[in-house]
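Peer 1: Take a look at this one; I'll ask things after.
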Amino acid sequence: MYDWANSAYSTLLITIVVGYLTKIVFSPDDTWGPTVYAWSISASMFLAALLSPVLGAVADANSSKRKWLAGTALLGSAAAVAMAAVPPQSVALIVGFFFLMSLCFELSLGFYNGFLPEIADERTINLVSAWGYALGYLGGALALVIAMLVIRFGERLGMPDVSDQLRIGILVLGLWWGLFSLPTLWILRDRAAPPSEKQPLPAAARDAFRQVGRTLANVRRYRILALFLLGYLFYNDGIQTVLSQASVFATETPELRFSVGELSLLVLMIQLVAMPGAMLVGWLADLWGQKSTLMYCLAVWVGLLVAAFLVQNKIQFWVLGGILALVMGGTQSVSRSIMGLMTPPARTAEFFGFFNLSGKATSFLGTFLFGAIFKITGDPRLAILSLLVFFLLGWAIVARINVVRGQEEALLDSSRPMPEDQTGPAT
């Protein structure tokens, strides 16, 4: 249900929110609109990466994941409602609420994901996780449809102004996220017993950063796994940036100039194709092997960026959107599979916690680069093409790994005791 709730942010961010910021709050001819949009997302990801281990440690130590999930989810949804409520002339307030909304979304996912091992065992964890993703795709699509209907019939509803229609769309985002979070917050409970004394924030921060250092030292003991993680940091940053900035490209490229309604239809198509696309990539991974499938997926991403640089009309961009949907979820899914194969069984929670944290820690680089190049050149084609560096570096690094050898390394070394100063509780 929380996937269902928060996916309204994911779909309406790249359709309604980006249109409101770049076309209404900022002038359509002002490159500051797309730049502020990109840099706000970049800053929220960076701050979330710094805060996640600290707040996660506090939540674990005090058995308060539910409280932190409630706080971040409801504050984020309230920020969206506030963003819709203030007039478009209040630029500073709107940008501030947008940043707060994005930050709360990123932080809430850490507390939310922490509940999965508590509510599912080894037999059901994949099924529960898959249901979450499935409901997320569906919920995000339905929220987008509601916002599209507001735009389509805005005049009949007494809202002839596009600005008012987009603000109602942002209001839908906030209300959907907040209201549908309530079942999760009502039912979930932390399984661990609360401590007799609450751990103060400074102590939790010190423990969190010490644990990150210990985990980094442990990961380095598995050379092939560490090499894969390095490649993942690069290409994952490219993926996240494409997903968040493709809408800017679609609306700012002179030959395209997608309207908010057209962009919403495109994103709706991507949502509907993404689920069977992930299943297709999973089937290909069984057929070809995980590494080969990942390499093919990264090749498709490289081809998509080159094609986007050359695209000349909306039909071509729709085709690119369909291809993106096929590899969008599958690339990340097969990456998790490779990570799982090369992770020592005794350190799964610790290493996957680091996997998620490291993915967040570098995801701000691509959005910052995209925003900077767009601001300097005013050319969205150059901005999207600049992301090639992340995919090519990731591709070159991952090409050097041997998954079978990495799996053998993990199984062999996991039977050896860790040095005392490198062990610690799971992240």
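The numbers here are math on the coordinates, done by the rules we state, and not lab data. Predicted model, so just to flag it, every value in this text is computed and none were measured. Cβ sites come from the backbone with ideal geometry, for glycine too, and all protein chains shown count toward neighbours.
Peer 1: Need the C-alpha centroid separation for segment 306-320 versus segment 206-221, integer Å.
Peer 2: For segment 306-320 versus segment 206-221, the Cα centre distance is 44 Å.
Peer 1: In debye to the nearest 20, how big a dipole does segment 237-323 give about its Cα centre with +1 on each Lys and Arg Cβ and -1 on each Asp and Glu Cβ? Please list the in-between numbers first.
Peer 2: Numbers: 3 positive and 5 negative charges, 17 e Å.
Its charge dipole is roughly 80 debye.
Peer 1: Taking the Cα centre of segment 215-427 as origin, sum charge times position over the Cβ atoms of Lys and Arg (+1) and Asp and Glu (-1), and report the length of that vector in debye to the nearest 20.
Peer 2: Working: 14 positive and 12 negative charges, 36 e Å.
It works out to roughly 180 debye.
Peer 1: If segment 215-427 were replaced by its equivalent ellipsoid, with semi-axes equal to the square roots of 5 times the Cα gyration tensor eigenvalues, what would those be, largest first, whole Å? Walk me through the numbers on the way to the answer.
Peer 2: Working: eigenvalues 248, 67, 38 Å².
In descending order, the three semi-axes are 35, 18, 14 Å.
Peer 1: If the cut-off is a Cα-Cα distance under 29 Å, which lysines reach LYS314, setting aside same-chain residues fewer than 8 apart in sequence?
Peer 2: Cross-link targets: LYS23, LYS375.
Peer 1: While we're looking at this one, here's another question. What percentage of all Cα-Cα pairs in segment 362-416 are separated by more than 18 Å?
Peer 2: Working: 804 of 1485 pairs.
In whole percent, the share of Cα-Cα pairs in segment 362-416 beyond 18 Å is 54.
Peer 1: Given just the C-alpha atoms of segment 163-283, how large is their convex hull per residue in cubic angstrom?
Peer 2: Numbers: hull volume 31.3 nm³, N = 121.
Residue-normalised Cα hull volume stands at 258 Å³.
Peer 1: Can you tell me the Rg and the Dmax, both Å, for the Cα atoms in segment 80-162?
Peer 2: Radius of gyration, then largest Cα-Cα span, for segment 80-162: 18.2, 53 Å.
Peer 1: Between the DSSP loop rule and a limit of at most 14 other Cβ atoms within 10 Å, which chymotrypsin sites (Phe, Trp or Tyr not before Pro) in segment 67-166 are left? Intermediate values should be presented prior to the final figure.
Peer 2: Working: sites: TRP68, PHE97, PHE98, PHE99, PHE105, PHE111, TYR112, PHE115, TRP131, TYR133, TYR137, PHE153; in loops: PHE115, PHE153.
Here the chymotrypsin sites (Phe, Trp or Tyr not before Pro) that fit, given the DSSP loop and packing criteria, are PHE153.
Peer 1: Follow-up. Any idea what log10 I(q)/I(0) is at q = 0.10, 0.12, 0.13 Å⁻¹ for segment 1-103, Debye with uniform C-alpha scatterers and no solvent?
Peer 2: The calculated log intensity ratios at q = 0.10, 0.12, 0.13 Å⁻¹ are -0.32, -0.45, -0.52.
Peer 1: In segment 116-201, which trypsin sites (Lys or Arg not before Pro) are in a loop and have at most 12 other Cβ atoms within 10 Å, using DSSP for the loop call?
Peer 2: On the way: sites: ARG123, ARG152, ARG156, ARG167, ARG189, ARG191, LYS198; in loops: ARG123, ARG156, ARG189, ARG191, LYS198.
Taking segment 116-201 and a limit of 12 other Cβ atoms within 10 Å, the loop trypsin sites (Lys or Arg not before Pro) found are ARG123, ARG156, ARG189, ARG191.
Peer 1: Using only the alpha carbon atoms of segment 264-315, find the Kirkwood hydrodynamic radius as the inverse mean reciprocal pair distance, in angstroms to one decimal. Intermediate values should be presented prior to the final figure.
Peer 2: Values: mean 1/r = 0.0788 Å⁻¹.
Kirkwood hydrodynamic radius for segment 264-315: 12.7 Å.
Peer 1: Could I ask something else about it? Work out, in µm²/s and without decimals, the Stokes-Einstein translational diffusion coefficient of segment 1-189 at 4 °C, 1.567 mPa s, Rh from Kirkwood over C-alpha pairs.
Peer 2: Values: Rh = 17.2 Å.
Stokes-Einstein gives a translational diffusion coefficient of 75 µm²/s.
Peer 1: Work out how far the C-alpha atoms of segment 146-190 reach from end to end along every principal axis, then list the three figures in whole Å, largest first.
Peer 2: Extents along the principal axes: 47, 14, 13 Å.
Peer 1: If you don't mind, another one. Compute, for the chain, the length of the dipole vector about the Cα centre, with Cβ point charges of +1 (Lys, Arg) and -1 (Asp, Glu) only. Units Debye, rounded to 20.
Peer 2: Values: 28 positive and 26 negative charges, 86 e Å.
Computed about the Cα centre, the dipole is about 420 debye.
Peer 1: Now a separate question. Using alpha-carbon pairs under 8 Å, 6+ residues apart, how would you state the relative contact order of the chain in percent? If you can, show how the numbers build up before the last one.
Peer 2: On the way: 614 pairs, mean separation 111.8, N = 427.
Once divided by the residue count of the chain, the mean separation gives 26 percent.
Peer 1: Within the chain, what's the longest stretch lacking GluC sites (Glu not before Pro) that sit in DSSP loops with no more than 12 other Cβ atoms inside 10 Å? Show your work: numbers first, answer last.
Peer 2: Values: sites that count: GLU122, GLU155, GLU197, GLU255.
Within the chain, the longest run free of exposed GluC sites (Glu not before Pro) spans 256-427.
Peer 1: Kindly provide the Kirkwood hydrodynamic radius of the chain in Å, to one decimal, from all pairs of distinct alpha carbon atoms. Can you show the working numbers first?
Peer 2: Values: mean 1/r = 0.0448 Å⁻¹.
Taking the inverse mean of 1/r over all distinct Cα pairs, the chain comes out at 22.3 Å.
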